[in-house]
1. Which distance in nm do the two modelled labels at Ile356 and Ser439 give, with both placed 7 Å along the Cα-to-Cβ direction?
2. What spacing in nm lies between the two simple spin-label points modelled at His266 and Met239, each 7 Å away from Cα in the Cβ direction?
3. Grab the beta carbon distance between Arg382 and Glu289, set R0 = 56 Å, and tell me the FRET efficiency rounded to 0.05.
4. Mind listing the long-range amide H neighbours of Ile428? Cut-off is under 5 Å, sequence gap 5 or more, other chains count too, H placed in the peptide plane at 1.01 Å from N.
5. Can you bin every Cα-Cα distance in the range 343-444 into 5 Å intervals starting at zero and give me the percent of pairs per bin, rounded to whole numbers?
6. Mind giving me the nanometre distance, one decimal, between the label points for Ala229 and Lys246, set 7 Å out from Cα along Cα→Cβ?
7. Just give me a number: lysine pairs in the range 319-454, eight or more positions apart or cross-chain, with C-alpha atoms less than 21 Å apart.
Amino acid sequence: MDADTKKRVAAWSSVIWSGLLALVKLVVGIVTGSLGILSEALHSALDLVAAGGTVFAVKVAAQPADEEHPYGHGKVENLMALGETLLLLVTAAWVIMEAFERLSSPDPAALEVKFSYWAFGVVILSIVVDANRAAMLKRVAKETRSAALEADAAHFATDIWSSAAVLLGITGAAMADMAVEGSWFHWVLVRADVFASLVVALFILHVCRELGMEAINNLMDKANGEASAKVRAAMAERMPSYPVSKLRVRESGSRYYVDMEVQVPHNLHVDTAHEIADAIEGLVAGVLEAAETMVHMQPAHEFPDTPEFIIRRLALAHRFGVHGLVLLHTDDGKFVVAVDLELPAGATLESWQVAIEAFRKEVLRNLKADVVALHVEPDLRRVPDYSIPLPVDWEAQVRDAMIRRSAPLPTSICTFTRGNERLCLIRIPKENSLTVEESHSRLTRLNKKLAEHLPPAARILVTYEDA
């Protein structure tokens, strides 16, 4: 059963029960003269109107977006919730006016409530029905993110307490003959039904405030802080390379519409930018169900002013690579920087000494460091020459070595050759749950193990698929 069908079934179920309860309460209220039950009957009658409106709203909200309503028809659910609020205000006003009229009437008959087991039965039935349908509507509203069903669920949950107040009221009225006439206890019991109706009115006003404010906030596109926080957290965790500078989330029925601006490198190719935008839209759709996202990419011309980027920028200016960056603030207040420099393996240290010292001074000055330790390493990005020819069954040997090392089955094995230089790329299934450190350690160990168990015919490089 799809979401729209679930909403329709839940809405029609609410209509049927509201109609039955309104009819039964009206009959019992007229027979007993109980204002509490009559107010509940009127309340249920308006529940019937509201439930019917919910059926209509759910049907309209399910219609797809069109040229006149490019954001869909979901707002009709909020309009219906606002209309239900106005109906409830009318109900509360009538109940309060009738209660004060009875309390101020000099005629004792105005306060008279006829005892009937039917009165107790209908109120207990109402409590049972409201409890069950409130739970059902809340469950379906949560599954389908329906504002109209959520409003009905909150409404009927509150009805349980108002029905309980009416039950106490008619119980008090039934016990009035047991109290001493003229005592304060008798005075309260005689008026218990009217007091219960006022409690019902207060509950109705409370519901009006909650439903009305929620409907107005949604119609005015009030910011959804919780949804925005989820999107920002997901972007920070899964796509930190593209900081979110602006974010707006609006709701229309059960759908989210997200407008966001992210910072990207200014020299991105348009195809790459499009792929990044698609990835961001997919990420948001996974965080906010049924979200439609519009991504605006803001070119970032300036490098982040962090020690890591400053060092990498300075290294690039001196034409060598860096890795293994360590930043340490010692207990005695010193700032120590340690960096691994990548230099050509066959170059002499003397030929790079001036560049190395210049880089050290630049780091000292820019970062205001006390100590800059530079560890020189050979640049291993070059593929070495291999004297032995590539075995004919090379791919089978690679696959067999991976199996013997209990490694994941490779998704692909590709060997690229230029003369005696050979690079074997082995791709394995991704494991997104791993941290960068865990992933690096795992791939490094696997590279080393395969190199030990394969003939020296190519440089082995194990990567994750799509990497």
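1. So the label points at Ile356 and Ser439 sit 3.3 nm apart.
2. 2.2
3. 0.70
4. So Ile428 has HN proximity to Thr411, Thr463, Tyr464, Glu465.
5. So the P(r) values, bin by bin, are 2, 9, 12, 13, 13, 13, 12, 9, 9, 6, 2, 0.
6. 2.4
7. 4
Every number here is computed from the coordinates shown, using simple stated rules; none is lab data. What you are looking at is a predicted structure, and each value in this text was computed from that prediction instead of being measured. When we count neighbours, we look across all protein chains shown, and the Cβ atoms used for this are built from the backbone with ideal geometry, even at glycine.
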